[in-house]
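What follows is a short report on a single structure.
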Amino acid sequence: MKQDATRNAAYTVDCEDYVHVVEFNPFDSGDSGNLLAYGGNNYVVIGTCTFQEDEADIGGLQYKTLQTIHHGVRVGGIAWSPETRLDSLPAVIKFCTSGADMKIRLFTSDLQDKNEYKVLEGHSDFINDLVFDPKEGQGIASVSDDHTCRIWNLEGMQTSHFALNSPGMSVCWHPEETFKLMVAEKNGTIRFYDLMSQQAILSLESEQMPLMSAHWCFKNTFKVGAVAGNDWLIWDITRSRWSTINENLFATTGYPGKMASQFQIHHLGHPQPILIGSVAVGSGLSWHRTLPLCAVGGDHKLLFWVTEM
């Protein structure tokens, strides 16, 4: 008898507005609570989540909002800086966002009196993805519908610019070798760039189009996943979003019925999804840093699914 993989969210958090994007902090911020940011139509909320899977004496989920930041325009993407620390005095909260106005905003806060932001301008169309340099946090990479990938320093200056052949959909920085960058284009091309030589050093091609998202598996950087057409494609470059703790787990979202968003967790050892969830209107997808747990944004809600390793 086949086990039904369909499940409701294990935890939900009510929000004041529609959630367009949600992002767990992928870096160790020095606090047992797990930092999370989510964005709506004109705000970003910073909060901490502690789950019973993390601390046994907690029943379910403990969520606490640390700060709500006015954004002015709809939030399209969020990327955390590795400089974020909750165990320092004062605390350091640093992240960047992409907005519907085609601008990047770099925010720095101490959760008290210091709340600063800098605007990075240069893209001429919608920004589809952005990411911090994961080692030092001194650079930001972004890709856009304007057929460019741009690298910025924290002063807001562009330090590199790569012309693409189609809209840039995803960008990932190698977790260890920070001179390597992966850029995925809508036409199905995924290129790996050497930031020292400013040259592409490897490319992968998907026969399916359009490519909507791609992700480097940070537990095994020889694996790359992408969503293109109706398929999830996986490359092993020794011969979309991966779990941060298990190289065989990845999650996807889509709209099979066009009315509800379907969320799936897959394991490479199983032909069928190991978990299927449904969200009335879903957007954003982020893995917890240390738990087999995913967050998805919805209509006035954050939803969390837990799976087995």
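Taking the criterion of being outside any loop (DSSP other than H, G, I, E, B) and among the hydroxyl-bearing types (S, T, Y), the residues of the range 171-228 that qualify are T189, Y193, S203, S213.
For the range 2-26: of the residues being open to solvent by 60 Å² or more (accessible area, probe 1.4 Å) and modelled with pLDDT under 90, which is farthest from N41 (Cα to Cα)?
Quick first cut of the range 2-26, residues open to solvent by 60 Å² or more (accessible area, probe 1.4 Å) only: 2-4, 6-8, 12, 14, 16, 26.
Within this subset, residues satisfying the condition of being modelled with pLDDT under 90 are 2-4, 6-8, 16.
Values: K2: 41, Q3: 39, D4: 36, T6: 30, R7: 29, N8: 26, E16: 10 Å.
Among them, the one singled out is K2.
For the condition of a type outside the set (F, W, Y), open to solvent by less than 30 Å² (accessible area, probe 1.4 Å) and not assigned by the TED database to the domain that holds L66, G156 qualifies.
Here is a list: A260, A251, A295, A280. Which entry is modelled with pLDDT of 75 or more and not aromatic (F, W, Y)?
A295 is the lone residue from the list that is modelled with pLDDT of 75 or more and not aromatic (F, W, Y).
Given V13, V19, which one is touching a Lys or Arg at 6+ places or on another chain (Cβ under 8 Å), among the aliphatic types (A, V, I, L, M) and assigned to a loop (DSSP other than H, G, I, E, B)?
Only one candidate passes the filter, namely V19.
The set of residues from the range 136-161 being at positive phi and at pLDDT 95 or above comprises just one member, H147.
Checked against the criterion of being open to solvent by 40 Å² or more (accessible area, probe 1.4 Å) and closer than 19 Å to L302 by Cβ, the candidates Q62, Q67 yield just one match: Q62. Answer yes if at least one residue in the range 163-171 is modelled with pLDDT of 90 or more, under 29 Å from Q138 (Cβ atoms) and open to solvent by 40 Å² or more (accessible area, probe 1.4 Å), and no otherwise. Yes, the range 163-171 has at least one match. Among the residues of the range 200-214, the one identified as within 12 Å of V224 (Cα to Cα) and open to solvent by 70 Å² or more (accessible area, probe 1.4 Å) is E205. Residues of the range 105-130 that are among the basic types (K, R) and under 18 Å from Q158 (Cβ atoms): R105, K118.
Which is part of a strand (DSSP E or B) and among the hydrophobic types (A, V, I, L, M, F, W, C), of V73, V45? V45 is the lone residue from the list that is part of a strand (DSSP E or B) and among the hydrophobic types (A, V, I, L, M, F, W, C). Checking the structure you have, find out if any residue of the range 80-90 is modelled with pLDDT under 95, touching an Asp or Glu at 6+ places or on another chain (Cβ under 7 Å) and surrounded by 14 or more Cβ atoms within 10 Å (Cβ to Cβ). Yes, that holds for at least one residue. For D146, the conditions (1) in a loop (DSSP other than H, G, I, E, B); (2) out of contact with any Ser or Thr (no Cβ under 7 Å at 6 or more places or on another chain); (3) among the charged types (D, E, K, R) all hold with the exception of (2). Restrict the check to the range 104-116 and report whether at least one residue is more than 21 Å from the chain's Cα centre (by Cα), closer than 22 Å to F132 by Cα, among the charged types (D, E, K, R) and part of a strand (DSSP E or B). Checked the range 104-116: at least one residue is more than 21 Å from the chain's Cα centre (by Cα), closer than 22 Å to F132 by Cα, among the charged types (D, E, K, R) and part of a strand (DSSP E or B).
Evaluate the range 27-49: report whether one residue or more is surrounded by 17 or more Cβ atoms within 10 Å (Cβ to Cβ) and acidic (D, E). So far as the range 27-49 goes, no, none of its residues is surrounded by 17 or more Cβ atoms within 10 Å (Cβ to Cβ) and acidic (D, E).
The values are calculated or read from the model by the stated rules, or taken from the named source; none is laboratory data. For clarity, every value in this text was computed on a predicted model and none was experimentally measured. Ideal geometry is used to build each Cβ from the backbone, glycine not excepted, and the neighbour counts take in all protein chains shown. What goes into the accessible areas is simple: the full protein's heavy atoms, side chains included, and nothing from ligands, DNA or RNA. Shrake-Rupley method; radii C 1.70, N 1.55, O 1.52, S 1.80 Å.
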